Structures are given as C-alpha cells and as structure tokens.
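Below is one structure, written out as structure tokens; the observations come after it.
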Amino acid sequence: MTISYLLKRLGFFVLVIWVAATFIFFLPRLAKRNPIVERMSETAQAAGFIGEGLAEMQKDWEAKFGLDKPLWKQYQYYLRDTLRLDFGYSLAYYPAKVVDQMMRALPWTIGLFGMATLISVVLGSLAGALLAWPKAPRFLQYLLPFFLTLSAVPYYLMGLILLFLFAFIIRIFPLGGGYSVAVAPSLSFPFILDILRHSVLPGLALVLGGVGFWALQMRAMMVVGLEEDYITFAEAKGLGGKRIFLRYALRNVLLPQATSLALSLGMMISGAILVEVVFGYPGLGTLLLKAVSGFDYNLINGVVFIIIIIIAVATLLMDVLYPWLDPRISYGRRMR
Amino acid sequence: MNALRKRLWGVAAYCRRNPKLLSGVSIILALVLFWLIGSLLVSPTRAAALTGLPSQPPSWQYLLGTDTHGRDLLAVMMVGTGLTLRIGVLAGAIGLGIGIILGFLSGYYGGFLDTVIKGASDVLLTVPLLVVLVVVASMIPGVISLNLMILIVASLSWMLPTRAIRAQVLTMREKAYIQVAKLSGMNNLEVIVKELMPNLLPYLAASFVAATAGAVLASIGLSFLGLGPQHLPTLGMTIYWSISFAAMLRGMWWWWVPPTVIIAALFVGLFLLTAGLDEIANPRLRRGI
C-alpha cells in the first residue's frame, strides 16, 4: 500500500464527515422550525401561559446559544465544536450534555451491532462456501432458500416476531431493555450473563436477517473460484479436501466479501437502529427515538453524526486493511 | 389468435424457467388485489380513528378487531397496503427518473460531470441513509403529508439506479451499433432514447423494483421512529402505534400481526421480483438458486 492511496482514502473520509456535518448544520436552518421557540412555548403552556417577556427571553437564549451571530460565524463555531464532538446540551433533558448521553449509548450499539455483524458474516460466508462445495452435506441446499427469504424481511419485523415468540409466548428471554432492573450494573459474572441474555433476541434478529444474503454472495463467488486452475492443481497434487477448501478456495474468495461488507455497513446499521427501538435496547437507536419524539434537535444531530462517523471509520478501516488482506492488490503502484 | 396463444405459452414456459419472477409477481398482485377489492367491500372511512369500538378482538363485526383508537383494522390494512404501495411505487419512480437522467449524463457524457455525480452517489451510498432521512423528516414543521413523505424518501433513492445505469451505459456506448448510429447522423439525444434506452429496459425494470423496495423500507423505517405521515394509516404507522400503545404486552396480537405479515409478504415479493428481473437482465446469473 502506498502513501498516496492512504492519503486519497483519508481525503474521502474527511469529505464524507464534512458533507455530513455541513448538511446537519444547514438543513435545520432551511426549515422554518425554531427549537428554542417551540420549547419555550411548551414550557410556557405547561406553567400556565404568561405572554410577557417571551420575545426578550427568546433573544437571550439565542445569544446564549450563539444563534444571533451571522450564519458563517455560526458555521465556523459549529465545525470547531463538532471536531471536539461537542454538540451542546440536550434540549429535552436540559442539564444533560448530548455527548454524555451518546457515550452511554454507544457501547451498547457497537457491541450488539458488531457481534451480530461478525456472526452473520462468518456464518453466512461459511455456509455459502459450503453450498458451492461438492462434498458438502445436502441439507444445506434446502436451507438457503429459507434463509434467503428471511433476509428479505426487514430486521425490525424479524425482531417483533422473535420478541412475540420467545419472550411473550414462550417466556425464555426478557421482553426488552439492555439489562434487568433488579441487577446492579457491575463487572460480575451474573451481570454479564444478564446482558448476554438481553442481547440474544435483538442479535438473533440481525443475524437471521443477514445470513442468507452473505451465503448467497459467497456461493456465487465460490462457484467461480472453484473452477480456477490452482484448485485443479491442488487436487492433482493430492491435497486433502479440507485443506483445498480452506486454504485454496475459501481464502481467495473472502476478499470480495470484505468489499461488500464495507459497502453494506450503512444499510445494516440502519436496520440495527430500528431493532433497538423494537427491543428498547439502550443504544443509539432508542436514544434517537427519544430525541425525535421530544424534538431534541441537538440530540438528533449528535446521534445522526456519531452514526455516520462510526460507519465512515469502519469503512475506512476496511479499505485500509483490504490491501493487507490481499497481497495481490497494491493500489497506486505501477505494475512491473 | 393463434399468435397470441403461442405468445402466452411462451410467457408461461419462461415463468416455469424463472419461478422467482412468477412468485414475485403473484405476491405483489395478490397485495394489489387485496387493496383494490378491499376498498370496494369495506368502507375506507372505517380506517379512521373513533369510528368503531376501541380495542375489540376479532369478531364478525370487526374481522381483524379494532385498535385502541377504534379503527377497524381490516379497513386499516386495506387502506394501509394501498398507501404503502403508493409511497413505494411513486418514490421508486422518482428515484429511477433521477437515476436515469444522472446515470446517462454521467455515463454517456463523462468528464467532470461524471466525477461529480459518481462522487456524490459514492459518498451518499456509504452513509447510513435512514439517519439522514431522520434529520430531514424531523425538521419538517407540522404533520407530514403523503406527498411529502414520497418526496423525502425519493430524495435519497436515486443513487443505486444512477450507479447501475451508469455502469451499463459505460459498457454500451463503446458497442459498434452505437458508433453506427452516430455515424448515420443521430444526435446524442436520439442515440440515448432510440438506441440505449431499449437495450437497458430489463435493467431499468430491475432498478425500478429495487428502488421501490428501498423506498418502502425507508418509509417504514421512518414510520417506526414516528416520522411517518402521522394522520394516515400506513402499514408502518400502524406498527408504530401498536408499539407505542404496547399492543403486544396487552395481548392485542390482531393489532400488530396483520401489518407485520403484509409488510413481510411485500418485501419477499419485491425481493423475488428483483431476483427474477435480474435473471432476465443478467443471463449469467441463470441456474441460480
């Protein structure tokens, strides 16, 4: 991998982040909603309406949040604050800062989404590779259409169905949340077990929805890969089936799978967010729902921005690791 | 007559070879029929709130029961299927339209325009679209109407069609028949409309179905967060209400099961349709699953 490729890729990363930040800044200002006025009139109504002094109060608040400055100045401040991941105060839960709320939710989402993605990609790829392998068990052939159909169903519907079946009808898993209220959060074995128990159903929803897709892709590439000359050569050498499968066939078709993983991360996290909403899982999705229903402008922007960053970082990492995974690829270097 | 019969036989024979297309079309047609026949038999006004008794389990009077607000859920399902299909088809069509224009501009003319269009769609494709739509939808003052919902969803459903069409145009424009058409005095627009478009039809159809599926997915995702058309009984909003009124915990399965089943059927149908059309557009995929 050359420096110029790395720089180019980093440039793209910065571009994505900048476009996202700019979009999040300008869009609310194009819309005619003013969160300060909305919140003030809400509070005023709740307290029994007092019409006096609202205009001055609004001016005061706008000065406090820097909204009386010219637009380009606001933009400048905004970019600076965003770089420090400072999204100001939550409007609906006022004294709380957006960043604290996000940091509390972030590990849940990364844990659930990361584990579920890993399991579904590994399982799906292995199953897909075996589907194309002539010596694989027959029953796999009948499983693929089933899982493929499941992968067409959105994750969150799968979540609803699983929740109904395994938490409501057969009560083996909890109905929602990240951990039981009765258990005190600590780094003890029962607590970790409790967390795992709570993450089974949301994780299963994500895995069931993903496996078929990865299997189908892997199978398509494996079919082509098995016709390569090096496979014939390996067979001619008399190598064992397991060795040919793992070292010769599988290893070479794993790479396109990594590319398509990088491309579909955005789609997948959108699904994961909604699964969290179904289960009331304490991650970014549930936080986003709270922000939207309370019209908490800063919190919405913060959560949206952090999700975009997670995906951008993950894609960047995969792209940077890709040439390292595959020694045949050398971006930007001339062929000799 | 004979020719027509022969033709129908041909279609039937093709469907046997391409069962995915056949089953996809049947599922979608069944849903459309459910909506059409339903709106003839059951009055759509019963889908409005406060028109029936609240929280009734299924009975002869209310075949699918009613929700907490007294909506007749059978009527809701019929109206909702229609609304959801409409959002998907119209948003998908707008997305495809934008995709066709941008794809041809980018693939056929190339140059700086190509760099910009390709860059924009690449940036947007890596971004989780749902959260971008959340920002857009949450900034809209007042209630979101159906047309607004369609526009919001359509605004981000053009990237995949653009990329697919661009890639096809890039390979096609080098073909000999395009050169011949140009030499025989066709201008660029004529080449695009008369030579490229007809050859792209299967791709356009597949892109359209994919864009529709994406649009339905996005609209239901937004509805899940309460950002759908709040006053309309779309399938997504019905599930949103059932979750926010804890239908499952209260044992009101008739509230959330029907929309879940219909949405799942819709997605499976669209998925099979895309796979079937892909097989027509891309013969190399044949002998698939």
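Taken together, the values in this text are just the output of simple stated rules run on the coordinates, not laboratory data. Just so it is clear, the structure is predicted and the values come from calculations on it, not from any experiment. Virtual Cβ from ideal backbone geometry, glycine too; neighbours counted across all protein chains shown.
Remarks
- In terms of other Cβ atoms within 10 Å, A:Glu56, B:Glu195, A:Glu276, A:Glu62 run from fewest to most in the order A:Glu56, A:Glu62, B:Glu195, A:Glu276.
- Dividing the C-alpha radius of gyration of the protein assembly as shown by 2.2 N^0.38 Å, with N its residue count, gives 1.04.
- Taking max minus min of the alpha-carbon positions on each principal axis, chain B gives extents of 72, 55, 32 Å, largest first.
- Neighbour cut-off at most 14 other Cβ (10 Å), DSSP loop, trypsin sites (Lys or Arg not before Pro), the stretch A:74-114: A:Arg84
- Given R0 = 25 Å, the distance between the Cβ atoms of A:Ser293 and A:Ser180 translates into a calculated FRET efficiency of 0.50.
- Exposure proxy ranking, count of Cβ atoms within 10 Å, fewest first, for A:Lys237, A:Lys59: A:Lys237, A:Lys59
- Annotation for the stretch B:208-286 versus the stretch A:123-150: alpha-carbon center distance of 26 Å.
- Helices in chain A that qualify as membrane-span-like (whole DSSP H runs, Cα extent of at least 27 Å along the helix axis, mean Kyte-Doolittle hydropathy of -0.5 or higher) are A:3-30, A:98-132, A:189-225, A:251-279, A:297-325.
- Label sites at B:Val180 and A:Tyr230, each approximated as a point 7 angstrom past Cα along Cα to Cβ, lie 4.3 nm apart.
- Calculated P(r) of the stretch B:71-230 - Cα pairs past 24 Å, %: 42 percent
- Cα gyration tensor, the stretch B:1-141 - rounded (a/c under 1.5), prolate or oblate: oblate
- A Förster distance of 35 Å, applied to the separation of the beta-carbon atoms of B:Leu63 and B:Leu249, puts the FRET efficiency at 0.90.
- Label point 7 Å beyond Cα of B:Asn147 along Cβ direction - residues of the stretch B:207-246 with amide nitrogen under 18 Å: B:229-232
- Degrees between helix B:253-281 axis and first principal axis of chain B (Cα, 0 to 90, nearest 10): 10 degrees
- Ranked B:His69, A:His198, B:His231, criterion: other C-beta atoms within 10 Å, fewest first: B:His231, B:His69, A:His198
- Globularity index of the stretch A:43-156, i.e. its alpha-carbon radius of gyration over 2.2 N^0.38 Å: 1.98
- Residue-span extension gain [A:Tyr93 to A:Leu263] - 0.36 nm each, minus C-alpha spacing: 57.7 nm
- Compactness check for the stretch A:200-282: Cα Rg over 2.2 N^0.38 Å is 1.49.
- Tensor-based shape of the stretch A:148-231 (alpha-carbon gyration tensor, a/c under 1.5 rounded, otherwise prolate or oblate): oblate
- Unsatisfied cross-links (Cα-Cα over 29 Å) in the set A:Lys135/B:Lys20; A:Lys290/B:Lys20; A:Lys64/A:Lys290; A:Lys69/B:Lys118; A:Lys69/A:Lys97; B:Lys118/B:Lys175: A:Lys290/B:Lys20; A:Lys69/B:Lys118
- Put simply, the Cα atoms of chain A extend 90, 60, 37 Å along their principal axes, the longest span coming first.
- Equivalent ellipsoid of the stretch B:217-265: semi-axes from √(5λ) of the C-alpha gyration tensor, largest first, are 17, 13, 8 Å.
- Normalised by the number of residues in chain A, the average gap of Cα pairs under 8 Å and 6 or more apart makes the relative contact order 29 percent.
- GNM flexibility winner over chain B from B:Met248, B:Met159, B:Met186 (Cα, springs under 10 Å): B:Met186
- At most 12 other Cβ within 10 Å, DSSP loop - chymotrypsin sites (Phe, Trp or Tyr not before Pro), the stretch B:26-85: B:Trp60
- Nearest-ten-degree value, helix B:19-41 long axis tilted from longest Cα axis of chain B: 40 degrees
- B:Ala3/B:Asp122 FRET efficiency (R0 60 Å; Cβ-Cβ; nearest 0.05): 0.80
- Inverse mean reciprocal Cα-Cα distance (Kirkwood Rh) of the stretch B:81-169, Å: 13.8 Å
- For the residues of A:143-154, the average number of beta carbons from a partner chain within 10 Å of their own beta carbon is 4.
- Rough spin-label spacing in nm, given labels placed 7 Å along Cα→Cβ, for A:Ile172 and A:Glu62: 6.0 nm
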